[in-house]
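Readers should treat all values here as calculations from the given coordinates under stated rules, not as data from a laboratory. Just so it is clear, the structure is predicted and the values come from calculations on it, not from any experiment. Cβ placement follows ideal geometry from the backbone for every residue including glycine, while neighbour counts extend to all protein chains displayed.
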Amino acid sequence: MSSSAHITHSPSSRLSETATETAQFGTVFSDHMLIANYENGRWGEAEIVPYGPLPLPPAPSALHYGQSVFEGFRAHRTLDGGIALFRPRDNHARLNRSAARLVMPEVPASLFLDGIAELVRLDREWTPQREGGALYIRPVYFAIDESLQVRPALQYRLVALASPVGPYFAGPVSLVAEERYVRAFPGGTGDVKPAGNYAGSLLAARDAQEHGYQNVLWLDGMERRFVEECGMMNVFFVIDDSVVTPPLTGTILPGVTRDSVLTLLRDMGITIKERSVAIDEVFELRAAGRLSEAAGVGTAATIAPIGRIRYRDQEIDLTPLGSDSILERVRVKLEAIRTGREADRHGWLMYL
Ligand SMILES: *Cc1c(COP(=O)(O)O)cnc(C)c1O
């Protein structure tokens, strides 16, 4: 097998079953990481090195001006004993859309996909065996120019880390519809994944937590009326017999999970409506008994049922998803495809 990245082996594995089983999301990392640098107008060779600190100049423009974008996807153990990445090409394409928005050079597909495949092959033992577990892959791509000039940098670094994650057991999430702060606005960066989008959302999330809720139900930036996302996840509702999610009009992140859920719902013959949903409508439909389920969807949690929503002085309780719920059925199907138990009809898996 020819290897795409130059590998420097770690002296010994830090793998510990108990540490990876009990760790919180994204706090444990595998033995190696992938690194590639861009300078003089071209990408250098990718390298796989032992996980550890990276030298940086004191003034990397990523830190001063936020020229940094990231991605997240998973590798799963499959029924046949192999390991497969889930839709990594979609994440690569999205990384390049994020990069283009921040005037950063494209990351070649071969560098990204072959490099990460090599990293996961090398650290394959870190992929959890247990049902619902996965090796979460975190690529981050940022400017390392040592300069305080506000202009697109000339030097960049791509780093990819692998972090074992357990099944996501948290119960239904409680949310506050946020009216003061917005996550995204037309013409902004809400439809791509720059690091700064997350920093900008922390205060609203902390306020929600101080009021006893877990996260924020984001409303649109223009009218503070239409539901856009839920925490850092896309949002889905089951209304009457159809599934409703806000359309991708530029302020919503095009989630790979969102797309997977929509594709599977179509396969299941369920009606999908990509349309705007006003927060008032959510409350009215619930009162009328027409809104039966809601969930946040994203790579980390897959499909997280929404339990409560607060808006001004009103609150609704949404029944947790039972096994006959539409969104729970999709979650089970998605997990079956990711782990090779159900046919991969859409070519989502990249086997290593
Ligand atoms: C990453 C992200 C999502 C989920 O995208 P997936 O590709 O499904 O993981 C949703 N909303 C926001 C704001 C995000 O940054």
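Taking every alpha-carbon pair within the stretch 218-278, the share separated by more than 13 Å comes to 60 percent. Expressed as an acute angle from 0 to 90° and rounded to the nearest 10, what is the orientation of the C-alpha long axis of helix 88-101 relative to the principal long axis of the chain? Once rounded, one gets 90 degrees. Dipole orientation for the stretch 163-223: of the candidates Val165, Ala205, Gly187, Val165 has the Cα lying most toward the positive pole (charges on Cβ; Lys, Arg +1; Asp, Glu -1).
With each label modelled as a point 7 angstrom along the Cα→C-beta vector, the Arg180-Val150 pair spans 2.7 nm. How far is helix 256-267 tilted off the main Cα axis of the chain, in degrees rounded to 10, range 0 to 90? With both axes taken from Cα atoms, the answer is about 50 degrees. Peptides 23-30, 60-67 ranked from most to least packed give 60-67, 23-30, packing being the mean of other C-beta atoms within 10 angstrom over each peptide's residues. Scaled against 2.2 N^0.38 Å for its residue count N, the alpha carbon radius of gyration of the chain is 1.01.
Couplings 3J(HN,Hα) of the stretch 232-240, computed from phi: 10, 9, 6, 10, 10, 10, 10, 10, 6 Hz, in residue order, whole Hz [Karplus 6.51 cos²θ - 1.76 cosθ + 1.60, θ = phi - 60°; x for Gly and Pro]. The calculated FRET efficiency for Glu47 paired with Arg341, based on their beta-carbon distance and R0 = 30 Å, is about 0.25.
Taking a point 7 Å out from the Cα of Glu315 in the direction of its Cβ, the residues of the stretch 222-250 whose backbone N falls within less than 19 Å of it are 231. When the charge dipole of the stretch 1-145 is built from unit charges on Cβ atoms (+1 for Lys and Arg, -1 for Asp and Glu) and taken about the Cα centre, the candidate among Ala100, Val140, Ser13 whose Cα reaches farthest toward its positive end is Ala100. What FRET efficiency do you get for His64 and Ala199 if R0 is 22 Å and r is their Cβ-Cβ distance, rounded to the nearest 0.05? Calculated value: 0.95. Summarised as an ellipsoid, the stretch 140-184 has semi-axes of 35, 23, 6 Å, derived from the eigenvalues of the Cα gyration tensor scaled by 5 and square-rooted, with the largest first. One decimal place: the segment His211-Ser276 gains 20.7 nm when fully extended, by the rule 0.36 nm per residue minus the C-alpha distance.
Dipole size of the stretch 60-122 about its Cα centre, with +1 on Lys/Arg Cβ and -1 on Asp/Glu Cβ: approximately 200 debye, rounded to the nearest 20. How large is the charge dipole for the chain, taken about the Cα centre, if only the Cβ atoms of Lys, Arg (+1) and Asp, Glu (-1) carry charge, to the nearest 20 debye? Here the chain has a charge dipole of around 300 debye. The helix-based estimate of mean residue ellipticity at 222 nm for the chain, built from -39,500 (n - 2.57) per DSSP H run of four or more residues and divided by its residue count, is -6500 deg cm²/dmol to the nearest 500.
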